[in-house]
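Have a look at the structure below before the remarks.
The values are calculated or read from the model by the stated rules, or taken from the named source; none is laboratory data. Remember, predicted model here, so these are calculated numbers, not experimental data. FYI the Cβ positions are ideal-geometry reconstructions off the backbone, even for glycines, and counts take in every protein chain you see.
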Amino acid sequence: MSNITAINNLPNVSFIDDKTIEDVKSELVSDYEAGYKDATGTEISLAAASPMRLALYAAAAQIYQALQYVDREGKQSLLKYSYGAYLENLAALKGLTRAPTTAATTTLRFSLSEARASAVAIPSGTRATGAAGVYFSTSAYAEIAIGATYVDVAAICTTVGAIGNGLAAGTLATIVDPIAYVASVANTTESEGGADTESDADLAYRAFLAPSSYSTAGPAGAYEYWVKNYNSNIGDVVVANGATDGTVCIVFIMDDGSLPSAEVISGVQAFLDTGAIRPLTDKVTVAAPTEVPYTINLTYYISKSDSAQAVAIQAGVAAAVSSYITWQRKLGRSINPSKLTAFVMAAGAKRVTVTAPTYATISETAVAALSGSATSYGGLEDD
């Protein structure tokens with residue numbers, strides 16, 4: 001069970017004992033009738049249209065609203081319910097702050113048309129862009145050495161956030177700041193690592209993991225905490241023991257289910273290798289997971305009694321298949337066609353025939369990868 005699931009599975013708490021507005025109305029009427037008897041000695045029963053009952057109901061609405069504020073404020077002290085500024089203050093008790101936006105990174109290759117007898121300088125901050133209109137600038141000064149025809153330079157997106165992610169190798173091919181003798185530029189890796197401001201769910205997850213970080217990263221939970229602390233755009237993390245030599249093997253995917261780039265992997269490795277995190281005797285390796293390919297091939301049918309909703313159900317089935325693909329993209333999660341059937345049935349299908357995928361177990365350092373999908377609508381069927 002992941003820690004985020006553990007948070008969600010914590011018992012529900014009500015600071016008003018789950019009181020409903022009907023409970024408040026009933027209590028006000030009961031209290032009024034009891035108070036009237038105590039004061040006059042006469043029993044009364046307020047009629048449904050009694051002006052006094054209507055006045056009490058109006059008061060009940062205001063009282064219930066106040067109770068909702070009481071319940072909400074109480075829940076803000078609990079990790080399961082806290083959000084926004086409340087959550088930030090709760091996380092601060094564990095030394096955490098919300099991760100800000102970060103910029104995507106990539107590697108830019110600056111090339112000459114031919115080697116030269118003198119070095120060609122690539123100033124820090126030299127920019128490149130592509131058709132997407134996103135700009136990357138070099139992070140440090142570099143030179144194309146004498147006799148060489150290119151140099152690779154780390155670059156960072158000039159706009160923070162996830163907007164800089166996913167630019168395939170070769171797409172940043174326009175030099176914004178021309179350099180003499182440099183004929184071309186192109187990114188050699190897909191851009192990755194940009195993250196929007198950390199979400200409430202991710203911050204709550206890190207707060208839950210935070211106690212594991214109170215010592216150096218020996219336990220699996222501590223390593224998971226530090227990996228997520230490196231970049232809020234990192235999603236699922238698995239910390240495993242090496243098969244024979246006791247190596248700490250860390251495997252992760254990004255929050256959107258994509259594999260981490262070489263830059264992100266090397267960044268996490270360097271971050272964990274600092275003396276304050278990794279125990280001196282630990283040998284730590286960081287890698288992307290192994291991908292296990294699978295395909296989807298299914299046919300579904302809709303009941304004739306639901307023919308009026310057929311179009312909506314078809315759209316729902318398409319969304320259900322997409323939800324299954326997202327659900328399946330988790331480290332170590334077995335490829336499970338039964339779950340696909342459940343998603344499609346919940347979307348309104350009467351019957352589902354799944355010929356692919358077939359059930360397969362996956363190691364904890366691997367992840368299922370969709371290689372093809374075909375969903376067919378078989379038509380209406382009798383109930």
Condition first: charged (D, E, K, R) and crowded, with 17+ Cβ neighbours inside 10 Å. Now tell me which residues in the stretch 42-70 satisfy that. Arg53
If we keep just the residues of the stretch 65-115 that are more than 26 Å from Pro211 (Cα to Cα) and in contact with a Leu (Cβ under 9 Å, 6 or more places away or on another chain), which is modelled with the highest pLDDT? Leu108
Going through the stretch 248-269 in order, the residues found to be hydroxyl-bearing (Ser, Thr, Tyr) and outside any helix (DSSP H, G or I) are Ser258, Ser261
Out of the stretch 220-247, which residues are among the β-branched types (Val, Ile, Thr) and either crowded, with 22+ Cβ neighbours inside 10 Å or not in a loop (DSSP other than H, G, I, E, B) (or both)? Val227, Ile234, Val237, Val238, Val239
Any chance the stretch 183-192 includes a residue that's in contact (Cβ under 8 Å) with a residue 12 or more places away in the chain, part of a loop (DSSP other than H, G, I, E, B) and loosely packed, with under 14 Cβ neighbours inside 10 Å? no
What are the residues in the stretch 218-270 that are more than 18 Å from Ala99 (Cα to Cα) and in contact with a Lys or Arg (Cβ under 6 Å, 6 or more places away or on another chain), if any? Thr247, Gly257
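Within the stretch 27-55, work out how many residues are more than 30 Å from Asn12 (Cα to Cα) and not in a loop (DSSP other than H, G, I, E, B).
Initially, the stretch 27-55 is screened for residues more than 30 Å from Asn12 (Cα to Cα), giving 32-55.
If we keep only those that are not in a loop (DSSP other than H, G, I, E, B) too, we end up with 32-40, 51-55.
Total meeting the criteria: 14.
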Suppose we filter the stretch 245-283 for residues that are in contact with a helix residue (DSSP H, G or I) (Cβ under 8 Å, 6 or more places away or on another chain) and among the β-branched types (Val, Ile, Thr); how many remain? 4
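Among the residues in the stretch 63-78, are any more than 30 Å from Asp236 (Cβ to Cβ), part of a loop (DSSP other than H, G, I, E, B) and out of contact with any Lys or Arg (no Cβ under 7 Å at 6 or more places or on another chain)?
The first filter runs over the stretch 63-78 and keeps only residues more than 30 Å from Asp236 (Cβ to Cβ), leaving 63-74.
Applying the additional criterion that residues be part of a loop (DSSP other than H, G, I, E, B) yields none.
The answer is no; no qualifying residue exists.
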Taking the stretch 329-383 on its own, how many of its residues are closer than 30 Å to Gln309 by Cβ, among the hydrophobic types (A, V, I, L, M, F, W, C) and touching a residue at least 24 places away in the same chain (Cβ under 8 Å)? 11
Could you grab me the full set of residues in the stretch 331-360 that are in contact with a strand residue (DSSP E or B) (Cβ under 7 Å, 6 or more places away or on another chain), more than 20 Å from Gln314 (Cα to Cα) and surrounded by fewer than 15 Cβ atoms within 10 Å (Cβ to Cβ)? Ser334, Tyr359, Ala360
With (1) farther than 22 Å from Asp71 by Cα; (2) touching a residue at least 60 places away in the same chain (Cβ under 8 Å) as the list, and Val13 as the residue in question, which single condition is left unmet? (1)
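Against the condition at pLDDT 95 or above, under 28 Å from Ala99 (Cα atoms), buried (at least 20 other Cβ atoms within 10 Å of the Cβ) and not assigned by TED's automatic domain parsing to the domain that holds Ser232, how does Thr126 come out, does it pass? Walk me through it before giving the result.
On the way: at pLDDT 95 or above: yes; under 28 Å from Ala99 (Cα atoms): yes; buried (at least 20 other Cβ atoms within 10 Å of the Cβ): yes; not assigned by TED's automatic domain parsing to the domain that holds Ser232: yes.
Yes, satisfied.
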